[in-house]
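Quick notes on the structure that follows.
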Amino acid sequence: MCGIIGYIGHRQAAEVLLHGLSQVEYRGYDSAGMAVSNGKDLRILKDQGKLRDIHAKHNFLQLEGGIGLGHTRWATHGPPCERNAHPHYDCSKRVAVVHNGIIENHRALKAELEKKGHKFSSDTDTEIAAHLIEEELKQKKPVDSAVRSALSRLEGTYALGILIAGENRLFLARRHAPLIVGRGKSDEMFFASDIPALLGYTRDFILLNEGDMAQIDSKGVKIWGADGKEASRPPLHVDWTPQMAQKMGHDFFMLKEILEQPITLASALSADVSEGVKLLSGAKRPAIVACGTSYYAALVMQYLLHKQKREAGAYLGSEYASWHTGQEDVVVAISQSGETADTLSAIRLAKKEGAAVLAITNVVGSTLSREADATLYIGVGPEVGVVATKTFTGQLAIIYKLAYSLSGDKKGMDALLQSPAMVQKMLDSIRPAVRELAKLMSKRRNFFFISRGIGWPCALEAALKLKEITYLHAEAYAAGELKHGPISMLEDKVPVIAIAPSGALAAKMESNIRECKARGASLVVLSDDETIRKEGEHALVMPKVSEDLVPLFYILPLQLLAYYMTIELGRDPDQPRNLAKSVTVE
Ligand code: G6P
């Protein structure tokens, strides 16, 4: 997957680009390059291979100037080699372009441009964009209108960065491919395909909408929406530091990975889900397969699809062979590692029976992504802790985006896009209370988690988190099921942790909470509603969120609870006994 970074400001651009590109290496790439301008002339250096080797061979830092674009390429059109590496020039070598995505009408555009005398020097679809801009500039239009007219000719998907010689600004545009703008502290601006690329410089971002085009100069950003009108987009402040795979002062990776979820969520939300929409919109009998935590994400997806009246079954990877119907036409496989043997067996069976496979994973180049017909990457960066935290919420982010794109639910999508900022606020405010609660709870030995509706998969995941790292007994139930058996266990202040948001299911949850209290259980109630919270011996104050988003928000304090209880018990949350990050046996 291609990585992109753009910079304009008082520093040497090549230094910033080199650092930024090194932060997105985990995406996987086969070549890299950059274009730098001193405001008048521009130069490109690029090659096949790893960033450090290209740098050792060519020395990117010889490129002087404060305006630049960098790129890591993951080949789609044309083999990996110097001539196909980005950036690409137009004929006059005054326009440099970097791109992630696929320009679907590149053949027709290339033929048209060749007729006009343009000469192409690569096999890529990307180069078309540089020549189209060159053509528009010949019409003596204002530069921003020339760029906009050129972009309006492109079909397909793109995140584009554009540098034009003589211009003290950079242009960028996105359609179904991630691209974010970063605001520097003083007289410098950035853009990138991934938030981690810019964390060494800024934590203030602007997330662009699909179809947006923007211009950055050293002072700020100007954005045009898909309708061509000037637009403003909400800022996102991420309160975190750069090093993705270091503990960042925390004792354990798990805490670091829980706390960075506002950032990783924003990264996941900027993913392009159009391939998924394409596959699922025509599906008659979709199925979802996954294991462990990913299976609980699958249950959330099943719930959202059912709400849209789409039939979809969620299956455990290891059970798919026994429970499938053989009629499934699209199988969505969810796996953070992309290597889980049970999930891979399920998709192999489904493929044999003629189904198309859509993968949702975090790992570029994983077996699942290679065997699937299309892959949606959650892009949350490496998860070092063995138990899933940020990959779970990353999976949820993609699932919500996919579901809302399928149904065209604009309100749902707007609420979803606001979630990283809300998650940040919630984590900040709730942490001290969870820590205190963990001190008390670590003295107990058996736990029940209950909820209803879309909260139920969240209860399942919360119980799994707790048992994975504390080795204590924890079970989750749909709240209505308690009275059908488990209620017999509720004596002697057994903790029952209730996920009880306000809304249509609140009254029934309240009754279930009372049933537990009447049997001597000790209730911990998570709710945005004070009346429900008062039913608990302990309570955590939650923000009010839409019903759909309950798992995304309510899992966070419960991840923290499992973490802090593990610390109280003196155990290692990063490497729990008997567990592996990637389970490659059936
Ligand atoms: C292992 C991990 C779990 C994970 C499960 C599925 O058991 O320890 O955290 O949920 O595998 O993994 P996947 O990579 O397919 O999501």
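Three semi-axes describe the equivalent ellipsoid of segment 308-390; taken as square roots of 5 times the Cα gyration tensor eigenvalues and ordered largest first, they are 22, 13, 13 Å. Put a dot 7 Å past the Cα of Asp41, heading toward its Cβ, do the same for Asp204, and the two dots end up 3.5 nm apart.
Quick check: from the Cα gyration tensor, does segment 369-506 come out rounded (a/c under 1.5), prolate or oblate? Verdict is prolate for segment 369-506.
Using the Cβ-Cβ distance between Ala108 and Leu440 with R0 set to 56 Å, the FRET efficiency from 1/(1 + (r/R0)^6) comes to roughly 0.25. All other residues whose Cβ lies under 13 angstrom from that of Gln215 are scored, Lys and Arg at +1 and Asp and Glu at -1, for a net of -1. Taking 16 Å as the straight-line reach from the Cα of Lys115, the lysines in range (excluding those fewer than 8 positions away in the same chain) are Lys138. For segment 250-417, a simple Cβ point-charge model (Lys and Arg +1, Asp and Glu -1, everything else neutral) yields a dipole of about 500 debye relative to the Cα centre. May I ask you to list the trypsin sites (Lys or Arg not before Pro) in segment 348-448 that are in a DSSP loop and have at most 12 other Cβ atoms within 10 Å of their Cβ? Counting only loop positions with at most 12 other Cβ atoms within 10 Å, the trypsin sites (Lys or Arg not before Pro) in segment 348-448 are Lys443, Arg445. For Lys229, the aspartates and glutamates whose Cα comes closer than 13 Å to its Cα, not counting residues fewer than 8 places off in the same chain, are Asp144, Asp212.
Ordered by the number of other Cβ atoms lying within 10 Å of each residue's own Cβ, fewest first, Thr470, Thr340 fall into the sequence Thr470, Thr340. If you average over every viewing direction, what projected area does the convex hull of the Cα atoms of segment 250-417 give, in nm²? For segment 250-417, the mean projected area of the Cα convex hull comes to 8.8 nm². Once the C-beta distance of Lys116 and Val541 is scaled by a Förster radius of 60 Å, the resulting FRET efficiency is 0.40 to the nearest 0.05.
Dipole size of segment 130-200 about its Cα centre, with +1 on Lys/Arg Cβ and -1 on Asp/Glu Cβ: approximately 180 debye, rounded to the nearest 20. Residues of segment 63-77 with an amide N closer than 18 Å to a point placed 7 Å from the Cα of Asp123 along the Cα-to-Cβ direction: 73-77. For the pair Glu15 and Gln308, what calculated FRET efficiency results from E = 1/(1 + (r/R0)^6), where r is the Cβ-Cβ distance and R0 = 35 Å, to the nearest 0.05? The formula returns an efficiency of 0.15 here.
Quick one: plug the Kirkwood hydrodynamic radius of segment 436-506 (C-alpha pairs) into Stokes-Einstein at 10 °C, 1.306 mPa s, and report D in µm²/s. Calculated translational D: 126 µm²/s. For segment 1-66, GluC sites (Glu not before Pro) meeting the loop criterion (DSSP other than H, G, I, E, B) and having at most 15 other Cβ atoms within 10 Å: Glu64. Could you list log10 I(q)/I(0) for segment 4-246 at q = 0.09, 0.10, 0.16 Å⁻¹, which the Debye formula gives when each Cα is one point scatterer? Values returned for q = 0.09, 0.10, 0.16 Å⁻¹ are -0.33, -0.41, -1.12. So what is the relative contact order for the chain, in percent, with contacts set as C-alpha pairs under 8 Å and at least six apart? Relative contact order of the chain: 10 percent. What the Kirkwood sum gives for the chain is a hydrodynamic radius of 25.0 Å, with every pair of different alpha carbons counted. Extension gain, Asn578 to Lys229: 0.36 nm times the residue separation minus the Cα-Cα distance gives 120.0 nm.
For the chain, the membrane-span-like helix rule (DSSP H, alpha carbon extent of at least 24 Å along the helix axis, mean Kyte-Doolittle at least -0.5) picks out 390-407, 410-441, 550-568; this says nothing about an actual membrane. By the equivalent-ellipsoid construction on the alpha carbon gyration tensor, segment 30-79 comes out with semi-axes of 21, 13, 7 Å, ordered largest to smallest. Based on Cα atoms of segment 430-580, Rg over Rh with Rh as the Kirkwood radius reads 0.94.
Normalised size of segment 70-176, defined as Cα radius of gyration per 2.2 N^0.38 Å with N residues, equals 0.97.
Under the combined filter of DSSP loop state and at most 13 neighbouring Cβ atoms within 10 Å, segment 445-519 retains these GluC sites (Glu not before Pro): Glu491. With runs of 4+ DSSP H residues as the only contributors, calculate the mean residue ellipticity of the chain at 222 nm using -39,500 (n - 2.57) per run, divided by the residue total and rounded to the nearest 500. Rounded to the nearest 500, the figure is -11500 deg cm²/dmol. For the chain, a simple Cβ point-charge model (Lys and Arg +1, Asp and Glu -1, everything else neutral) yields a dipole of about 440 debye relative to the Cα centre. Positive contributions from Lys and Arg (+1) and negative ones from Asp and Glu (-1), summed over other residues with Cβ under 11 Å from the Cβ of Asn168, come out at +1.
Ranking of Ile67, Ile195 by neighbouring Cβ atoms within 10 Å, starting from the fewest: Ile67, Ile195.
Derived scalar couplings between HN and Hα for segment 216-224 equal 10, 10, 5, 9, x, 10, 10, 10, 10 Hz in order, rounded to whole Hz, by the Karplus curve 6.51 cos²θ - 1.76 cosθ + 1.60 (θ = phi - 60°), x for Gly and Pro.
Remark: spin-label model distance Lys219-Lys278 equals 4.2 nm, labels positioned 7 Å along the Cα→Cβ axis.
Counting Lys and Arg as +1 and Asp and Glu as -1 over every other residue whose Cβ lies under 13 Å from the Cβ of Gln395, the net charge comes to 0.
Readers should treat all values here as calculations from the given coordinates under stated rules, not as data from a laboratory. Not measured: the values here are computed from a predicted model. FYI the Cβ positions are ideal-geometry reconstructions off the backbone, even for glycines, and counts take in every protein chain you see.
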